[in-house]
Structure formats: C-alpha cells, structure tokens
Amino acid sequence: MKEIRIAVDAIPLLLRSAGVKTYLYHWTRHLKRLAGDRIRLFPFLPQPDGFDHERSTLGRAPTLARLALLHLANHCPLPVLNWALPRADVFHASHQLLRPPTNTRVTATVYDLTCWLVPEFHRRANVEYARAFAEKVIRRAAGLIAISASTRADAIRVLKLAPERIEVIYPGVADEYFAVKEGQVSECRRALNLERPYILFVGTIEPRKNLVVLLDAWSGLNASVRKEFDLVIAGPPGWGDPAVLRRLEAGEPGVRYLGYVPEAHLPILTAGAAVFVYPSLYEGFGLPLAQALACGVPAVTSAVSSLPEVAGEAALLVDPRSAAELGSAIARLLLSTALRERLAAEARRRAGMFRWEQAALRSLEFFARIA
C-alpha cells in the first residue's frame with residue numbers, strides 16, 4: 001500500500017458527544033495502530049488514552065485554543081488550513097468544519113440523514129449546520145464513508161450523490177464488549193443494586209430514541225413479568241424530552257434510570273442484561289445495538305432504518321411506534337429461555353462483522369484509492 005499521509009479531523013473529541021465521539025476515538029486508535037505516524041489528528045491532537053462523552057479529551061485551555069482555530073477556519077475568507085496544517089494526501093473532515101483545506105483531497109463520514117428525514121428530532125440550529133456541511137463538504141468531497149448501507153442509500157436518495165462516491169464501512173465494537181467475564185457482571189449488579197434480571201436500554205434521552213413508547217410498553221406488560229424483571233435505562237439527558245425525564249426521575253415501578261454511565265462501565269452493564277431493547281425511530285448505524293450483540297445479549301429493536309441491517313437474525317424486529325408490539329416482543333423473549341439462547345448465539349456470530357481492526361483496514365484502503 002502506498003505510504004500516504006492522512007489528517008483526520010477529530011474535533012468531536014473536544015466536545016460533548018455520544019456516538020460520533022465513540023466512533024472517532026476507536027477508529028483513529030485503530031488507524032494509528034495500522035499506519036502509525038502517517039495518521040495525524042486535527043487540530044494538533046494527541047491520540048487520547050481514553051475518553052468521556054461529557055467532556056473534552058484535553059484540558060480547558062488547550063481545548064479553547066483548538067476550537068478558536070476551528071472558528072477561524074470556518075469564518076476567515078482565506079483558506080486558513082492550507083497553511084495551518086502539515087501536508088497530507090487526504091483530509092477527513094468532521095461535521096464541525098465547514099471550510100476544510102483546498103490543497104488536498106477531502107473525505108468525510110456520513111453518519112445519518114436525520115436532519116433531512118426527521119428534522120423534528122433535532123434543534124433547528126443543528127439542522128441548519130448539517131445542511132451547510134452537506135453543501136460545503138459532502139457534495140464536494142472526493143469520497144465518502146457511510147456507516148451502513150441504509151445511510152448510503154439515504155444519502156444517494158436525499159442528497160442525490162453519485163453511488164460510486166460512497167463506500168460502506170461498518171463501525172466496530174470495542175474489544176471489551178466481546179470479553180466480559182461473569183464475575184465482572186456480578187460485581188456491577190451489586191454496585192448498582194440490580195437485584196433482579198433486567199431489560200436494558202442505552203442511549204441519550206431524546207425524542208428519536210422513542211422512550212415514551214418503551215415506557216408505555218413496559219407499563220403494559222403483565223404484572224407477573226414486571227415483578228420478575230426491571231427495566232434499566234442508561235443515558236444522559238439530551239434535549240426535547242422533559243416529559244420522559246420526569247417519568248424516569250419519578251421512579252415508575254420496576255424502572256431504574258441510571259443517568260450517564262461512563263464508557264468503561266457500559267460493556268459490563270450491557271453483558272448483564274437478560275434482553276437489550278432499542279426502539280429508536282431512526283439510526284444511521286445503532287452502535288448500542290451492535291455492542292449488545294457483541295455481549296451475546298438477545299435484543300428487541302426497530303424494523304426501520306439501519307437497525308435490521310445491524311441486527312440480522314439476532315433480534316426481534318418491531319414497529320417502534322406500537323407500544324403493544326414492542327411489549328409483546330419483550331414478553332416473548334423474557335418468557336422463552338430457548339428463544340433467548342438462540343438469539344444470543346446468533347448475536348455473537350453477527351457481531352463478528354463489527355470489528356474495529358477490519359474497519360480501520362478498509363478505511364486505509366479507501367484513503368489509498370482516494371489519494
């Protein structure tokens with residue numbers, strides 16, 4: 001493979017972010033394992049040794065300095081980054097950067113098309129920024145990575161992009177999800193006082209995650225099932241769902257809201273679940289679902305967007321807008337040990353498709369073709 005130099009815009013590592021931050025952290029880590037110093041992180045970032053979704057991987061002053069450079073690049077009429085960056089054969093832009101360098105080949109990752117397909121699930125400013133990024137970067141990029149075939153199809157249909165410009169490269173799942181030990185699960189359950197078997201949801205509390213329907217489905221389950229299991233919800237408050245947050249914080253019977261769970265603790269919490277439930281209304285990929293599959297946890301998820309593509313035969317698929325259908329699928333899994341065991345075995349097999357080593361290797365091949 002040609003010795004090309006790649007600059008990856010890693011600005012989301014400096015911001016409060018969930019899925020994109022997880023993606024960038026693991027993706028760049030594995031790119032550097034394969035390509036070493038040929039991978040540089042913009043803006044002049046060291047490869048972090050860990051991350052927190054809620055804060056920057058750097059201190060306050062270094063973070064502000066780098067965000068000032070981002071602001072200058074976005075608003076200065078001159079192509080600032082042409083001079084501010086070391087020479088690279090490919091520059092991979094993030095969604096915060098509206099004016100990437102013009103003296104190299106530019107690529108980007110397309111995560112989802114929610115700002116076009118379901119704009120009501122975003123703040124207006126986010127929608128406007130996403131559309132500006134599409135016009136200024138995505139339409140002009142030399143090549144694009146889509147994180148699922150569903151996202152690629154949406155990008156072709158909605159943005160009218162040429163199919164040959166977009167390559168599907170699945171994200172990976174961190175190695176920790178494939179190797180949780182039983183003792184770790186027992187310790188986690190004791191620490192969180194999770195005495196009963198539990199159904200787990202992981203994700204930011206926001207309208208797209210569809211927690212209203214999940215809570216209604218839980219309330220509609222037979223009382224005998226709800227006495228035997230808990231519904232555990234892990235995720236920080238996002239935006240637009242104050243009524244759901246009030247329900248979670250009110251402590252409905254059998255519902256445990258854990259709030260934000262650090263990334264390091266999620267594999268153990270996920271592996272301990274009897275069933276994973278993810279009734280999202282739209283996902284570009286659905287990383288929490290893939291993580292549950294890697295833990296061998298049977299799942300119930302939505303029959304929309306990328307989720308059937310990720311789940312394969314390892315989950316029960318439902319109409320996410322039907323509390324009755326969602327509740328029925330959850331009850332079916334909870335009441336059938338044989339079904340749970342079959343889906344768990346398929347989950348582990350399916351999760352083998354989502355390894356960061358493979359994602360990084362295919363990404364380097366993609367960059368070589370672009371360069």
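The values are calculated or read from the model by the stated rules, or taken from the named source; none is laboratory data. Since the structure is predicted, the reported quantities are computational estimates derived from the model, not experimental observations. Here Cβ is always computed from backbone atoms with ideal geometry, including for glycine, and neighbour counts include all displayed protein chains.
Of the helices (runs of 4 or more DSSP H) lying entirely inside the stretch 1-107, those carrying at least 1 residues that are more than 21 Å from the chain's Cα centre (by Cα) and under 26 Å from R131 (Cβ atoms) are 60-75, 81-84.
Starting from residues that are out of contact with any helix residue (DSSP H, G or I) (no Cβ under 8 Å at 6 or more places or on another chain) and at pLDDT 95 or above, keep the ones in the stretch 326-337 and report whichever is farthest from G296 (Cα to Cα). Break it down stepwise before answering.
Initially, the stretch 326-337 is screened for residues out of contact with any helix residue (DSSP H, G or I) (no Cβ under 8 Å at 6 or more places or on another chain), giving 328-329, 336-337.
Filter once more, keeping what is at pLDDT 95 or above: 328-329.
Values: S328: 21, A329: 18 Å.
Of everything passing the filter in the stretch 326-337, S328 is farthest from G296 (Cα to Cα).
Does L343 satisfy being in contact (Cβ under 8 Å) with a residue 40 or more places away in the chain and of a type in the set (A, V, I, L, M, F, W, C)? Here the answer is yes, as L343 does meet what is asked.
When the stretch 108-135 is filtered for residues that are free of Cβ contacts under 8 Å to residues at least 40 places away in the same chain, over 19 Å from the mean Cα position of the chain (by Cα) and surrounded by fewer than 16 Cβ atoms within 10 Å (Cβ to Cβ), the ones remaining, listed by number, are R124, A125, E128, R131, A132, E135. Residues in the stretch 136-149 that are in a loop (DSSP other than H, G, I, E, B) and surrounded by fewer than 19 Cβ atoms within 10 Å (Cβ to Cβ): 3 in all. Restrict the check to the stretch 280-298 and report whether at least one residue is in contact with a Lys or Arg (Cβ under 8 Å, 6 or more places away or on another chain), polar (S, T, N, Q) and at pLDDT 95 or above. Among the residues of the stretch 280-298, at least one is in contact with a Lys or Arg (Cβ under 8 Å, 6 or more places away or on another chain), polar (S, T, N, Q) and at pLDDT 95 or above, which makes the answer yes. Just one of (1) out of contact with any helix residue (DSSP H, G or I) (no Cβ under 8 Å at 6 or more places or on another chain); (2) within 17 Å of S17 (Cβ to Cβ) fails for C115. It is (1).
Among the residues of the stretch 123-159, the one identified as touching a Cys at 6+ places or on another chain (Cβ under 6 Å) and farther than 23 Å from I370 by Cβ is V127.
Quick grid of which residues meet (1) within 23 Å of A371 (Cα to Cα); (2) assigned by TED's automatic domain parsing to the domain that holds E128; (3) basic (K, R); (4) modelled with pLDDT of 95 or more:
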residue: I39; (1), (2), (3), (4): yes, yes, no, yes
residue: F42; (1), (2), (3), (4): yes, yes, no, no
residue: P48; (1), (2), (3), (4): no, yes, no, no
residue: R66; (1), (2), (3), (4): no, yes, yes, no
residue: L69; (1), (2), (3), (4): no, yes, no, no
residue: A88; (1), (2), (3), (4): yes, yes, no, no
residue: A108; (1), (2), (3), (4): yes, yes, no, yes
